[in-house]
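The values are calculated or read from the model by the stated rules, or taken from the named source; none is laboratory data. As the structure is a prediction and not an experimental result, all values here were calculated from the model. Here the Cβ positions follow ideal geometry from the backbone for every residue, glycine too, while neighbour counts run over all protein chains shown. Note: accessible area is taken over every heavy atom of the protein model, side chains too, but ligands, DNA and RNA are not part of it. Shrake-Rupley method; radii C 1.70, N 1.55, O 1.52, S 1.80 Å.
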Amino acid sequence: MVSRFEHPAGSYKKIFETCEELSEPLPTTVTGRIPSFLKGSLLRLGPGLFEVGDEPFYHLFDGQAIMHKFDFKNGQVTYFRKYIRTDAYVRAITEKRVVITEFGTCAYPDPCKNIFSRFFSYFKGVEVTDNCLVNVYPVGEDFYAVTETNYITKVNTETLETLKKVDMCDYVNINGVTAHPHIEKDGTVYNIGNCMGKGASLAYNIVKIPPTQKDKSDPIERSKVVVQFPSAERFKPSYVHSFGMSENYFVFVETPVKINLLKFLSAWSIRGSNYMDCFESNETQGTLFHIAKKDPGEYINMKFKGAAIGLFHHINTYEDQGYIVFDLCSWKGFEFVYNYLWLANLRANWDEVKKAAMIAPQPEVRRYVIPLDIHKEEQGKNLISLPYTTATATMHSDGTIWLEPEVLFSGPRQAFEFPQIHYKMCGGKNYTYAYALGLNHFIPDRICKLNVRTKETWVWQEPDSYPSEPLFVQNPEGVDEDDGVLLTIVAAPGSQRPAYMLILNAKDLSEVARAEVDCNIPVTFHGMYKP
């Protein structure tokens, strides 16, 4: 699983360069054979515009959103991409400057406005970014491009045109929602976000959006909060990027990485500051694990605690014999990993990139187990008796249950990230395989597969090739969990054709086919295969 390659040529810098959108789909050069069951589109999102006029964006999550699409038709593949016409993008292009503050780039207010109008424009929620560069997912019969704010953007996945901006605050009490919802077989969407409750108390809400309505009304209008998790600190919610969902439970991991709301509200309106300035770590908190029943939604008031970790992606969550098992792509310690994702760091020379990663939090795939049936008298002994895991849960005298994980994969500065599973078959259920993008000192340079039961690993890797999150597509005739293919976009800046869509056999990561394009493709974060 560990990367075999060094990258002294630094060609990874190319994945952080601005690209033009296309006016029409480009043909690709296919080698190998495209499986006949691939008949839809691979949709991917990421940043495409890394500067406006002479103003640069500074952080990996600041570049303006562009949607990429590979279409499969009769063994042929075409490639298309288009910028999403968000307010952030349209205003930046029109005014040739950064108009809306992004994650790590501050927009300086129009000098013509006085301080009061700037101050109040924040409270109207005008200047929160809608730059939806992180993911795309279906709601009912529609598709939305998303980031982590309250705005989601409806897109036409055929033409990649932007249809409308939707403010989730119009429907539910939420300050923002994650880019990682869970979607059930019937199309029900669950997501999580933090919110301000009565008396300015802070909480995290699970929001449920129902599937397509019989009367064809918009499911988003019927969104509702189904359960609420409490916040450990009154004015400081933890940063939340994803959550776990099994058949009957939600799992929310409250990490020590905090958003200082007071700083957020004051910094915003008065001095040049951005989202990154509002993060801090609570070095004493550790990690809190929360669970809730799904239907009907009910918070289970038990205190589960563990050592400090950073967390972006849950891999999978399931129930087994009275336990909830959940696997995480964790980063050890309380420091915020995004501190290492400034574009200047990622575009540095290889020796500098390595030096920075040496002091960053270390990645580790971890399995945690929560016992559902707890008796107070079992203090001091391990409450977990599942035969196949070394994860433990121990009751302390104050009633807290301390969780120690089982490590499923660990390699120094080698992350197993952007995880994917055979979601249709195994989402919320016991499973065997996870797929991921391998980060080598934060540079994406391989595709990995992990057997979570045996810890066996497989790797696909080529020199000077920088892939993205692998999406699993099942072979409709397959029966095994890993009967299918992985789709990923690879940047190979030194090659004759500098990017390609790669199809790997999910069983052994051998190459099935590739479709090469005559243009660079920058970094992408998440996406979906639309049959």
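Based on this model, can you work out whether LYS185 counts as modelled with pLDDT of 95 or more and in contact with a Phe, Trp or Tyr (Cβ under 6 Å, 6 or more places away or on another chain)? No. Of the residues making up the stretch 337-355, those that are assigned to a loop (DSSP other than H, G, I, E, B) and among the basic types (Lys, Arg) number 1.
In the set (1) surrounded by fewer than 20 Cβ atoms within 10 Å (Cβ to Cβ); (2) under 25 Å from HIS68 (Cβ atoms); (3) of a type in the set (Lys, Arg), the condition left unmet by ARG446 is number (1). Kindly indicate which of LEU439, LEU502, LEU487 is part of a strand (DSSP E or B) and farther than 24 Å from THR157 by Cα. After ruling out the rest, the residue left standing is LEU439. Scanning the stretch 23-45 for residues that are touching a residue at least 60 places away in the same chain (Cβ under 8 Å) and more than 26 Å from the chain's Cα centre (by Cα) returns LEU26, THR28, THR29, VAL30, THR31, GLY32, ARG33, ILE34, PRO35, PHE37.
Do we find that TYR144 is over 23 Å from GLU24 (Cβ atoms), open to solvent by 10 Å² or more (accessible area, probe 1.4 Å) and modelled with pLDDT of 95 or more in this structure? Against the criterion (over 23 Å from GLU24 (Cβ atoms), open to solvent by 10 Å² or more (accessible area, probe 1.4 Å) and modelled with pLDDT of 95 or more), TYR144 does not qualify. In the stretch 449-503, of all residues being over 24 Å from GLU516 (Cβ atoms) and among the acidic types (Asp, Glu), the one that is surrounded by the fewest Cβ atoms within 10 Å (Cβ to Cβ) corresponds to GLU477.
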